[in-house]
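The values are calculated or read from the model by the stated rules, or taken from the named source; none is laboratory data. From a predicted model like this one, the values you see are computed outputs, not experimental measurements. Note: ideal-geometry Cβ built from the backbone for every residue, glycine included; neighbour counts use all protein chains shown. Side chains are part of the model used for accessible areas, which takes the heavy atoms of the whole protein and leaves out ligands, DNA and RNA. Shrake-Rupley method; radii C 1.70, N 1.55, O 1.52, S 1.80 Å.
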Amino acid sequence: MRAVDIIRKKRDGLSLTKQEIEFFIQGVASGEVPDYQISALSMAIYFQHMTEDEMFHLTMAVVEAGDKLDLSSIKGIPVDKHSTGGVGDKVSLILGPLVASAGVPVAKMSGRGLGHTGGTIDKLESIPGFQCELDKETFIEQINDIKVGIISQTGNLAPADKRMYAIRDVTATVENTALIAASVVSKKLAAGNRNIVFDVKVGKGAFMKTEPRALDLAETMVDLVAKAGGKSVAVISQMNQPLGREVGNANEVIEAIETLKNRGPVDLTNLCLALGSQMLIIGGKAETTEEARKILREKLEDGSALEKFKQMLDRQGGDISVIDDYTILKQPTNRLDIMAEKDGWVTALDAMKVGRASNLLGAGRKRKGDDIDHAAGIHLAKKEGDKVEIGDVLCTFMWTNEIADIEAATDRIREAYYVSMEQPQARPVVLRVVE
Ligand code: URA
(Lines give C-alpha, C1' and ligand atoms only; values in the text may rest on other atoms or scores of the structure.)
Protein backbone atom coordinates (compact mmCIF):
# COMPACT_ATOMS: atom_id res chain seq x y z
CA MET A 1 0.00 0.00 0.00
CA ARG A 2 1.22 3.53 -0.73
CA ALA A 3 0.00 6.83 0.70
CA VAL A 4 -0.07 8.41 -2.75
CA ASP A 5 -2.59 5.83 -4.01
CA ILE A 6 -4.85 6.47 -1.03
CA ILE A 7 -4.71 10.22 -1.69
CA ARG A 8 -5.50 9.67 -5.38
CA LYS A 9 -8.43 7.40 -4.56
CA LYS A 10 -9.98 9.99 -2.24
CA ARG A 11 -9.18 12.82 -4.67
CA ASP A 12 -11.22 10.91 -7.28
CA GLY A 13 -14.19 10.65 -4.93
CA LEU A 14 -13.94 6.96 -4.04
CA SER A 15 -14.45 5.48 -0.58
CA LEU A 16 -11.42 4.33 1.36
CA THR A 17 -11.35 0.94 3.04
CA LYS A 18 -10.74 0.39 6.74
CA GLN A 19 -7.28 -1.03 5.87
CA GLU A 20 -6.35 1.97 3.74
CA ILE A 21 -7.41 4.42 6.42
CA GLU A 22 -5.52 2.46 9.08
CA PHE A 23 -2.40 2.29 6.90
CA PHE A 24 -2.41 6.05 6.31
CA ILE A 25 -3.10 6.96 9.92
CA GLN A 26 -0.43 4.58 11.23
CA GLY A 27 1.99 6.39 8.91
CA VAL A 28 0.84 9.76 10.23
CA ALA A 29 1.38 8.61 13.81
CA SER A 30 4.79 7.05 13.14
CA GLY A 31 6.01 9.98 11.06
CA GLU A 32 6.43 7.88 7.90
CA VAL A 33 3.79 9.89 6.05
CA PRO A 34 5.20 13.40 5.47
CA ASP A 35 3.33 16.64 6.12
CA TYR A 36 2.65 17.26 2.42
CA GLN A 37 0.81 13.95 2.02
CA ILE A 38 -1.25 14.68 5.12
CA SER A 39 -2.17 18.07 3.63
CA ALA A 40 -3.07 16.46 0.32
CA LEU A 41 -5.32 13.83 1.88
CA SER A 42 -6.95 16.45 4.12
CA MET A 43 -7.72 18.58 1.07
CA ALA A 44 -9.07 15.55 -0.82
CA ILE A 45 -11.35 14.70 2.12
CA TYR A 46 -12.35 18.35 2.34
CA PHE A 47 -13.66 18.28 -1.22
CA GLN A 48 -14.84 14.67 -1.52
CA HIS A 49 -16.15 14.04 2.02
CA MET A 50 -16.40 10.65 3.69
CA THR A 51 -19.11 8.06 4.23
CA GLU A 52 -20.29 7.17 7.75
CA ASP A 53 -18.17 4.02 7.67
CA GLU A 54 -15.07 5.92 6.55
CA MET A 55 -15.58 8.46 9.34
CA PHE A 56 -15.89 5.71 11.91
CA HIS A 57 -12.77 3.93 10.61
CA LEU A 58 -10.86 7.23 10.58
CA THR A 59 -11.91 7.96 14.15
CA MET A 60 -10.99 4.51 15.43
CA ALA A 61 -7.74 4.41 13.43
CA VAL A 62 -6.65 7.66 15.13
CA VAL A 63 -7.60 6.24 18.55
CA GLU A 64 -5.75 2.97 17.92
CA ALA A 65 -2.60 4.63 16.56
CA GLY A 66 -1.60 5.90 19.98
CA ASP A 67 -1.89 5.39 23.71
CA LYS A 68 -5.27 5.31 25.37
CA LEU A 69 -6.01 6.80 28.71
CA ASP A 70 -7.97 4.54 30.99
CA LEU A 71 -10.28 6.59 33.19
CA SER A 72 -11.98 3.57 34.73
CA SER A 73 -10.24 4.20 38.07
CA ILE A 74 -11.99 7.56 38.37
CA LYS A 75 -14.68 7.49 41.03
CA GLY A 76 -18.13 8.50 39.76
CA ILE A 77 -19.17 9.09 36.16
CA PRO A 78 -16.66 11.39 34.48
CA VAL A 79 -18.23 13.66 31.87
CA ASP A 80 -16.36 15.76 29.37
CA LYS A 81 -17.31 18.74 27.21
CA HIS A 82 -15.84 19.58 23.85
CA SER A 83 -16.37 22.64 21.74
CA THR A 84 -15.87 22.63 17.99
CA GLY A 85 -14.06 25.92 18.36
CA GLY A 86 -15.15 29.50 18.62
CA VAL A 87 -13.98 33.03 19.32
CA GLY A 88 -13.88 34.22 22.93
CA ASP A 89 -14.76 30.67 23.97
CA LYS A 90 -13.41 30.38 27.49
CA VAL A 91 -16.19 27.98 28.54
CA SER A 92 -13.90 25.07 29.54
CA LEU A 93 -12.13 27.21 32.12
CA ILE A 94 -15.47 27.84 33.82
CA LEU A 95 -17.35 24.64 33.14
CA GLY A 96 -14.71 22.21 34.44
CA PRO A 97 -14.66 23.68 37.97
CA LEU A 98 -18.38 24.49 37.91
CA VAL A 99 -19.51 20.96 37.07
CA ALA A 100 -16.89 19.43 39.39
CA SER A 101 -18.19 21.57 42.23
CA ALA A 102 -21.57 19.87 41.70
CA GLY A 103 -19.95 16.45 42.14
CA VAL A 104 -19.39 15.31 38.54
CA PRO A 105 -15.75 14.52 37.72
CA VAL A 106 -14.32 16.41 34.73
CA ALA A 107 -11.08 14.99 33.35
CA LYS A 108 -10.44 17.32 30.47
CA MET A 109 -7.94 17.17 27.65
CA SER A 110 -7.87 20.41 25.69
CA GLY A 111 -6.20 21.84 22.64
CA ARG A 112 -4.45 24.95 21.41
CA GLY A 113 -5.76 27.64 19.08
CA LEU A 114 -6.78 26.48 15.62
CA GLY A 115 -7.40 28.78 12.66
CA HIS A 116 -9.13 31.94 13.88
CA THR A 117 -10.29 30.24 17.10
CA GLY A 118 -8.55 30.22 20.47
CA GLY A 119 -7.57 27.19 22.56
CA THR A 120 -8.04 26.42 26.24
CA ILE A 121 -4.42 25.38 26.72
CA ASP A 122 -3.08 28.66 25.29
CA LYS A 123 -5.38 30.51 27.68
CA LEU A 124 -4.41 28.46 30.73
CA GLU A 125 -0.73 28.84 29.93
CA SER A 126 -1.08 32.56 30.42
CA ILE A 127 -1.40 31.83 34.17
CA PRO A 128 2.13 31.82 35.62
CA GLY A 129 3.27 28.31 36.52
CA PHE A 130 0.22 26.45 35.18
CA GLN A 131 1.26 22.96 34.07
CA CYS A 132 -0.76 21.46 31.24
CA GLU A 133 1.37 18.36 30.88
CA LEU A 134 0.74 15.85 33.65
CA ASP A 135 1.44 12.12 33.57
CA LYS A 136 -1.58 9.80 33.62
CA GLU A 137 -1.22 8.74 37.25
CA THR A 138 -0.94 12.30 38.54
CA PHE A 139 -3.90 13.36 36.41
CA ILE A 140 -6.17 10.54 37.62
CA GLU A 141 -5.09 11.08 41.22
CA GLN A 142 -5.98 14.77 40.85
CA ILE A 143 -9.42 13.96 39.44
CA ASN A 144 -10.11 11.55 42.29
CA ASP A 145 -8.98 14.12 44.85
CA ILE A 146 -10.56 17.32 43.54
CA LYS A 147 -12.75 16.11 40.63
CA VAL A 148 -11.26 18.40 37.99
CA GLY A 149 -8.17 18.73 35.84
CA ILE A 150 -7.36 20.16 32.41
CA ILE A 151 -4.35 18.90 30.51
CA SER A 152 -3.07 19.26 26.96
CA GLN A 153 -3.02 16.42 24.49
CA THR A 154 -0.02 14.35 25.55
CA GLY A 155 2.54 13.16 23.01
CA ASN A 156 1.03 9.70 22.83
CA LEU A 157 -2.72 10.24 22.94
CA ALA A 158 -4.09 10.52 19.41
CA PRO A 159 -0.67 11.55 18.02
CA ALA A 160 -2.04 11.30 14.48
CA ASP A 161 -4.69 13.92 15.28
CA LYS A 162 -2.06 16.14 16.84
CA ARG A 163 -0.13 16.22 13.54
CA MET A 164 -3.20 16.47 11.34
CA TYR A 165 -4.75 19.21 13.49
CA ALA A 166 -1.62 21.38 13.24
CA ILE A 167 -1.35 20.83 9.47
CA ARG A 168 -5.05 21.47 8.81
CA ASP A 169 -4.74 24.70 10.73
CA VAL A 170 -2.30 26.07 8.17
CA THR A 171 -3.65 24.43 4.99
CA ALA A 172 -7.25 25.71 5.07
CA THR A 173 -8.69 22.23 5.65
CA VAL A 174 -10.39 22.63 8.99
CA GLU A 175 -14.03 23.17 8.00
CA ASN A 176 -15.13 19.67 7.08
CA THR A 177 -17.59 17.43 8.94
CA ALA A 178 -15.57 14.22 8.58
CA LEU A 179 -12.29 15.81 9.60
CA ILE A 180 -13.72 17.74 12.53
CA ALA A 181 -15.86 14.86 13.79
CA ALA A 182 -13.03 12.32 13.57
CA SER A 183 -10.60 14.77 15.17
CA VAL A 184 -12.88 15.64 18.08
CA VAL A 185 -14.28 12.18 18.77
CA SER A 186 -10.94 10.34 18.44
CA LYS A 187 -9.35 12.66 20.99
CA LYS A 188 -12.21 12.16 23.40
CA LEU A 189 -12.16 8.37 23.05
CA ALA A 190 -8.36 8.18 23.31
CA ALA A 191 -8.57 10.26 26.47
CA GLY A 192 -10.89 7.65 27.94
CA ASN A 193 -14.06 9.75 27.75
CA ARG A 194 -17.25 7.89 27.00
CA ASN A 195 -19.67 10.54 28.31
CA ILE A 196 -19.43 13.73 26.36
CA VAL A 197 -21.35 16.96 25.88
CA PHE A 198 -20.45 18.61 22.58
CA ASP A 199 -20.74 22.32 22.07
CA VAL A 200 -21.24 22.62 18.32
CA LYS A 201 -20.78 26.19 17.25
CA VAL A 202 -22.65 27.70 14.34
CA GLY A 203 -22.33 31.07 12.66
CA LYS A 204 -19.81 33.50 11.25
CA GLY A 205 -17.10 32.64 13.78
CA ALA A 206 -17.62 28.87 13.70
CA PHE A 207 -16.19 26.28 11.37
CA MET A 208 -19.82 25.46 10.54
CA LYS A 209 -21.53 28.55 9.14
CA THR A 210 -25.12 27.35 8.86
CA GLU A 211 -27.48 25.50 11.18
CA PRO A 212 -27.93 22.49 8.83
CA ARG A 213 -24.14 22.01 8.68
CA ALA A 214 -23.82 22.35 12.45
CA LEU A 215 -26.65 19.88 12.89
CA ASP A 216 -24.90 17.47 10.52
CA LEU A 217 -21.71 17.74 12.56
CA ALA A 218 -23.62 17.35 15.83
CA GLU A 219 -25.45 14.23 14.63
CA THR A 220 -22.26 12.79 13.15
CA MET A 221 -20.39 13.15 16.43
CA VAL A 222 -23.24 11.82 18.57
CA ASP A 223 -23.49 8.80 16.20
CA LEU A 224 -19.73 8.19 16.24
CA VAL A 225 -19.69 8.16 20.04
CA ALA A 226 -22.69 5.80 20.13
CA LYS A 227 -20.99 3.44 17.63
CA ALA A 228 -17.95 3.43 19.90
CA GLY A 229 -20.14 2.47 22.86
CA GLY A 230 -20.41 5.86 24.57
CA LYS A 231 -23.10 8.41 25.39
CA SER A 232 -23.20 11.99 24.22
CA VAL A 233 -25.38 15.03 23.70
CA ALA A 234 -24.68 18.00 21.44
CA VAL A 235 -25.71 21.56 22.20
CA ILE A 236 -25.77 23.78 19.12
CA SER A 237 -24.76 27.27 20.12
CA GLN A 238 -24.49 30.53 18.30
CA MET A 239 -21.07 31.81 17.26
CA ASN A 240 -21.98 34.74 15.05
CA GLN A 241 -20.39 37.14 17.49
CA PRO A 242 -17.70 36.25 20.06
CA LEU A 243 -18.71 34.85 23.45
CA GLY A 244 -18.34 37.37 26.23
CA ARG A 245 -16.41 40.60 25.81
CA GLU A 246 -12.83 39.35 25.80
CA VAL A 247 -10.98 37.70 22.91
CA GLY A 248 -7.35 36.66 23.38
CA ASN A 249 -5.71 34.66 26.15
CA ALA A 250 -4.87 36.39 29.46
CA ASN A 251 -7.90 38.69 29.11
CA GLU A 252 -10.12 35.63 28.56
CA VAL A 253 -8.75 34.07 31.76
CA ILE A 254 -9.83 37.21 33.63
CA GLU A 255 -13.31 37.01 32.13
CA ALA A 256 -13.54 33.32 33.05
CA ILE A 257 -12.59 34.09 36.67
CA GLU A 258 -15.16 36.91 36.73
CA THR A 259 -17.78 34.42 35.52
CA LEU A 260 -16.79 32.00 38.27
CA LYS A 261 -17.27 34.93 40.67
CA ASN A 262 -20.82 35.09 39.27
CA ARG A 263 -20.36 38.40 37.54
CA GLY A 264 -19.64 37.21 34.02
CA PRO A 265 -21.40 38.27 30.83
CA VAL A 266 -24.90 36.87 30.35
CA ASP A 267 -24.22 35.00 27.08
CA LEU A 268 -21.19 33.22 28.51
CA THR A 269 -22.91 32.35 31.80
CA ASN A 270 -26.00 31.04 29.98
CA LEU A 271 -23.96 28.80 27.71
CA CYS A 272 -22.04 27.41 30.70
CA LEU A 273 -25.34 26.67 32.45
CA ALA A 274 -26.79 24.98 29.34
CA LEU A 275 -23.75 22.76 28.78
CA GLY A 276 -23.25 22.15 32.48
CA SER A 277 -26.86 21.00 32.92
CA GLN A 278 -26.40 18.35 30.26
CA MET A 279 -23.20 17.24 31.99
CA LEU A 280 -24.97 16.96 35.34
CA ILE A 281 -27.73 14.87 33.77
CA ILE A 282 -25.27 12.49 32.06
CA GLY A 283 -23.24 12.39 35.27
CA GLY A 284 -26.29 11.31 37.26
CA LYS A 285 -26.48 14.39 39.49
CA ALA A 286 -29.76 15.78 38.13
CA GLU A 287 -32.80 14.46 36.31
CA THR A 288 -33.94 17.57 34.49
CA THR A 289 -32.27 20.64 33.02
CA GLU A 290 -34.22 22.86 35.46
CA GLU A 291 -32.91 20.94 38.45
CA ALA A 292 -29.38 20.95 37.04
CA ARG A 293 -29.42 24.71 36.33
CA LYS A 294 -30.55 25.41 39.88
CA ILE A 295 -27.67 23.38 41.30
CA LEU A 296 -25.14 25.11 39.03
CA ARG A 297 -26.49 28.58 39.81
CA GLU A 298 -26.03 27.87 43.51
CA LYS A 299 -22.44 26.76 42.92
CA LEU A 300 -21.71 30.05 41.17
CA GLU A 301 -23.45 32.08 43.85
CA ASP A 302 -21.93 30.41 46.90
CA GLY A 303 -18.34 30.49 45.57
CA SER A 304 -17.91 26.69 45.29
CA ALA A 305 -17.17 26.85 41.57
CA LEU A 306 -14.49 29.50 42.11
CA GLU A 307 -13.00 27.44 44.95
CA LYS A 308 -12.76 24.43 42.59
CA PHE A 309 -10.92 26.56 40.03
CA LYS A 310 -8.50 27.62 42.76
CA GLN A 311 -7.92 23.99 43.75
CA MET A 312 -7.26 23.08 40.12
CA LEU A 313 -4.74 25.91 39.73
CA ASP A 314 -3.02 24.89 42.93
CA ARG A 315 -2.74 21.23 41.91
CA GLN A 316 -1.41 22.13 38.47
CA GLY A 317 1.21 24.62 39.66
CA GLY A 318 -0.68 27.78 38.70
CA ASP A 319 -0.31 30.93 40.78
CA ILE A 320 -3.56 31.11 42.76
CA SER A 321 -3.05 34.79 43.56
CA VAL A 322 -4.42 35.43 40.04
CA ILE A 323 -7.90 35.04 41.50
CA ASP A 324 -7.57 38.30 43.40
CA ASP A 325 -4.84 39.98 41.42
CA TYR A 326 -5.14 39.98 37.65
CA THR A 327 -1.95 42.01 37.28
CA ILE A 328 0.16 38.88 37.77
CA LEU A 329 -0.86 37.94 34.22
CA LYS A 330 1.29 39.24 31.38
CA GLN A 331 0.19 42.81 30.78
CA PRO A 332 -0.18 44.45 27.38
CA THR A 333 2.31 47.27 26.83
CA ASN A 334 0.18 48.82 24.10
CA ARG A 335 -3.51 49.65 23.85
CA LEU A 336 -5.44 51.19 21.01
CA ASP A 337 -9.10 52.20 21.08
CA ILE A 338 -11.08 51.68 17.89
CA MET A 339 -13.84 54.29 17.62
CA ALA A 340 -17.25 54.22 16.00
CA GLU A 341 -17.38 56.18 12.75
CA LYS A 342 -21.16 56.44 12.66
CA ASP A 343 -24.19 56.51 14.93
CA GLY A 344 -26.60 53.60 15.23
CA TRP A 345 -26.82 50.09 16.64
CA VAL A 346 -24.32 47.28 16.32
CA THR A 347 -26.41 44.94 14.18
CA ALA A 348 -23.69 42.31 13.74
CA LEU A 349 -20.20 41.62 15.02
CA ASP A 350 -18.46 39.04 12.86
CA ALA A 351 -16.71 36.61 15.23
CA MET A 352 -14.43 35.22 12.51
CA LYS A 353 -13.07 38.68 11.73
CA VAL A 354 -12.66 39.50 15.41
CA GLY A 355 -10.76 36.21 15.82
CA ARG A 356 -8.52 37.07 12.89
CA ALA A 357 -7.91 40.58 14.22
CA SER A 358 -6.96 39.14 17.61
CA ASN A 359 -4.55 36.70 15.96
CA LEU A 360 -2.98 39.55 14.01
CA LEU A 361 -2.28 41.23 17.34
CA GLY A 362 -0.34 38.12 18.35
CA ALA A 363 -2.96 36.09 20.26
CA GLY A 364 -2.87 33.23 17.72
CA ARG A 365 -0.43 31.49 15.41
CA LYS A 366 0.39 32.10 11.76
CA ARG A 367 2.37 28.89 11.45
CA LYS A 368 2.46 25.61 13.32
CA GLY A 369 4.65 25.94 16.42
CA ASP A 370 4.69 29.78 16.46
CA ASP A 371 4.87 31.46 19.86
CA ILE A 372 1.89 33.53 20.89
CA ASP A 373 1.63 36.74 22.87
CA HIS A 374 -0.50 35.85 25.89
CA ALA A 375 -1.23 39.52 26.60
CA ALA A 376 -2.54 40.19 23.09
CA GLY A 377 -6.26 40.39 22.45
CA ILE A 378 -9.32 42.54 22.09
CA HIS A 379 -11.78 43.92 24.61
CA LEU A 380 -15.18 44.35 22.97
CA ALA A 381 -16.80 47.41 24.51
CA LYS A 382 -19.71 47.16 22.07
CA LYS A 383 -21.45 44.01 20.93
CA GLU A 384 -24.58 43.15 18.95
CA GLY A 385 -27.56 45.14 20.15
CA ASP A 386 -25.47 47.94 21.70
CA LYS A 387 -26.19 51.55 20.72
CA VAL A 388 -23.22 53.58 19.48
CA GLU A 389 -22.47 57.19 18.71
CA ILE A 390 -19.66 58.54 16.56
CA GLY A 391 -16.48 58.56 18.65
CA ASP A 392 -17.61 55.86 21.09
CA VAL A 393 -15.03 53.16 21.76
CA LEU A 394 -16.12 50.02 19.89
CA CYS A 395 -13.27 47.91 21.16
CA THR A 396 -9.72 48.10 22.48
CA PHE A 397 -6.69 46.32 21.02
CA MET A 398 -4.03 45.07 23.44
CA TRP A 399 -0.59 43.70 22.56
CA THR A 400 3.03 43.65 23.59
CA ASN A 401 5.25 42.63 20.78
CA GLU A 402 6.43 43.99 17.50
CA ILE A 403 4.97 41.14 15.44
CA ALA A 404 1.50 42.63 15.97
CA ASP A 405 0.14 43.84 12.63
CA ILE A 406 -2.00 46.74 13.82
CA GLU A 407 -2.95 47.98 10.37
CA ALA A 408 -4.31 44.61 9.22
CA ALA A 409 -6.01 44.04 12.59
CA THR A 410 -7.71 47.44 12.32
CA ASP A 411 -8.96 46.59 8.82
CA ARG A 412 -10.40 43.29 10.09
CA ILE A 413 -12.13 44.87 13.07
CA ARG A 414 -13.62 47.64 10.93
CA GLU A 415 -15.08 44.93 8.69
CA ALA A 416 -16.30 42.99 11.75
CA TYR A 417 -18.60 45.73 13.09
CA TYR A 418 -21.88 46.37 11.24
CA VAL A 419 -23.55 49.53 12.49
CA SER A 420 -26.95 50.61 11.18
CA MET A 421 -29.94 52.65 12.31
CA GLU A 422 -32.09 49.57 12.76
CA GLN A 423 -32.17 48.08 16.27
CA PRO A 424 -31.45 44.33 15.94
CA GLN A 425 -33.40 41.51 17.62
CA ALA A 426 -31.54 39.79 20.47
CA ARG A 427 -30.36 36.32 19.44
CA PRO A 428 -30.23 33.45 21.95
CA VAL A 429 -26.88 31.72 22.49
CA VAL A 430 -28.25 28.18 22.74
CA LEU A 431 -30.13 27.11 19.61
CA ARG A 432 -30.94 23.45 20.18
CA VAL A 433 -29.92 20.19 21.83
CA VAL A 434 -29.22 17.01 19.81
CA GLU A 435 -29.42 13.73 21.71
N1 URA B 1 -11.70 20.96 17.17
C2 URA B 1 -11.00 19.81 17.06
O3 URA B 1 -10.63 19.18 18.05
N4 URA B 1 -10.73 19.37 15.84
C5 URA B 1 -11.12 20.01 14.73
O6 URA B 1 -10.86 19.53 13.67
C7 URA B 1 -11.83 21.21 14.86
C8 URA B 1 -12.13 21.67 16.09
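Quick check, is SER277 away from the ligand (no atom under 12 Å from the Cβ), open to solvent by less than 10 Å² (accessible area, probe 1.4 Å) and of a type in the set (S, T, N, Q)?
Against the criterion (away from the ligand (no atom under 12 Å from the Cβ), open to solvent by less than 10 Å² (accessible area, probe 1.4 Å) and of a type in the set (S, T, N, Q)), SER277 qualifies.
Go through segment 309-326 and count every residue that is open to solvent by 30 Å² or more (accessible area, probe 1.4 Å) and in contact (Cβ under 8 Å) with a residue 40 or more places away in the chain.
Within segment 309-326, residues that are open to solvent by 30 Å² or more (accessible area, probe 1.4 Å) and in contact (Cβ under 8 Å) with a residue 40 or more places away in the chain number 5.
For segment 56-77, give me the residue count where each residue is part of a loop (DSSP other than H, G, I, E, B) and open to solvent by less than 20 Å² (accessible area, probe 1.4 Å).
4
Just to check your reading of the model, which residue among LEU329, LEU336 is open to solvent by 40 Å² or more (accessible area, probe 1.4 Å), more than 30 Å from GLN278 (Cα to Cα) and modelled with pLDDT of 95 or more?
Criteria check complete, one pass: LEU336.
Looking only at segment 138-147, how many residues end up being of a type in the set (D, E, K, R) and buried (at least 21 other Cβ atoms within 10 Å of the Cβ)?
Matching residues across segment 138-147 total 1.
Considering (1) surrounded by 24 or more Cβ atoms within 10 Å (Cβ to Cβ); (2) modelled with pLDDT under 90; (3) away from the ligand (no atom under 12 Å from the Cβ), say which one ASP135 fails and leave the rest.
In the conditions (1) surrounded by 24 or more Cβ atoms within 10 Å (Cβ to Cβ); (2) modelled with pLDDT under 90; (3) away from the ligand (no atom under 12 Å from the Cβ), ASP135 misses (1) alone.
Does GLU290 satisfy the criteria of being crowded, with 24+ Cβ neighbours inside 10 Å and away from the ligand (no atom under 16 Å from the Cβ)?
Here the answer is no, as GLU290 does not meet what is asked.
Taking GLY369 and the conditions (1) under 25 Å from GLU341 (Cβ atoms); (2) surrounded by fewer than 15 Cβ atoms within 10 Å (Cβ to Cβ); (3) among the small types (Gly, Ala, Ser), which numbered condition does it fall short on, given that it satisfies the others?
The single condition GLY369 does not satisfy is (1).
Return the residues of segment 11-36 that are in a helix (DSSP H, G or I), open to solvent by less than 50 Å² (accessible area, probe 1.4 Å) and either farther than 18 Å from GLY66 by Cβ or among the hydrophobic types (A, V, I, L, M, F, W, C) (or both); say none if nothing qualifies.
Matches in segment 11-36: GLU20, ILE21, PHE24, ILE25, VAL28, ALA29.
Tell me, which residue of segment 154-168 that is under 27 Å from VAL253 (Cα atoms) and within 9 Å of the ligand (Cβ to nearest atom) is most open to solvent (accessible area, probe 1.4 Å)?
Going through the qualifying residues, I end up with TYR165.
From LYS209, LYS201, which residue is within 15 Å of the ligand (Cβ to nearest atom) and touching a residue at least 60 places away in the same chain (Cβ under 8 Å)?
Only one candidate passes the filter, namely LYS201.
From the list GLU211, GLU175, GLU137, exactly one residue is of a type in the set (Asp, Glu) and in contact with a Phe, Trp or Tyr (Cβ under 7 Å, 6 or more places away or on another chain). Which is it?
On inspection, the qualifying residue turns out to be GLU175.
When you scan segment 172-180, do you find a residue that is away from the ligand (no atom under 11 Å from the Cβ), open to solvent by 10 Å² or more (accessible area, probe 1.4 Å) and either farther than 22 Å from VAL202 by Cβ or not assigned by TED's automatic domain parsing to the domain that holds HIS57 (or both), even just one?
Yes, because at least one residue in segment 172-180 is away from the ligand (no atom under 11 Å from the Cβ), open to solvent by 10 Å² or more (accessible area, probe 1.4 Å) and either farther than 22 Å from VAL202 by Cβ or not assigned by TED's automatic domain parsing to the domain that holds HIS57 (or both).
Only one of SER92, SER39 is within 16 Å of the ligand (Cβ to nearest atom), within 30 Å of LYS294 (Cβ to Cβ), open to solvent by less than 60 Å² (accessible area, probe 1.4 Å) and part of a helix (DSSP H, G or I); which?
So the residue among SER92, SER39 that is within 16 Å of the ligand (Cβ to nearest atom), within 30 Å of LYS294 (Cβ to Cβ), open to solvent by less than 60 Å² (accessible area, probe 1.4 Å) and part of a helix (DSSP H, G or I) is SER92.
I'm trying to understand the selection: among the residues of segment 380-427, which are touching a Cys at 6+ places or on another chain (Cβ under 6 Å) and open to solvent by 30 Å² or more (accessible area, probe 1.4 Å)?
ALA381
Among the numbered criteria (1) away from the ligand (no atom under 16 Å from the Cβ); (2) in a loop (DSSP other than H, G, I, E, B); (3) under 12 Å from GLN316 (Cβ atoms); (4) open to solvent by less than 20 Å² (accessible area, probe 1.4 Å), which one does SER126 miss?
(3)
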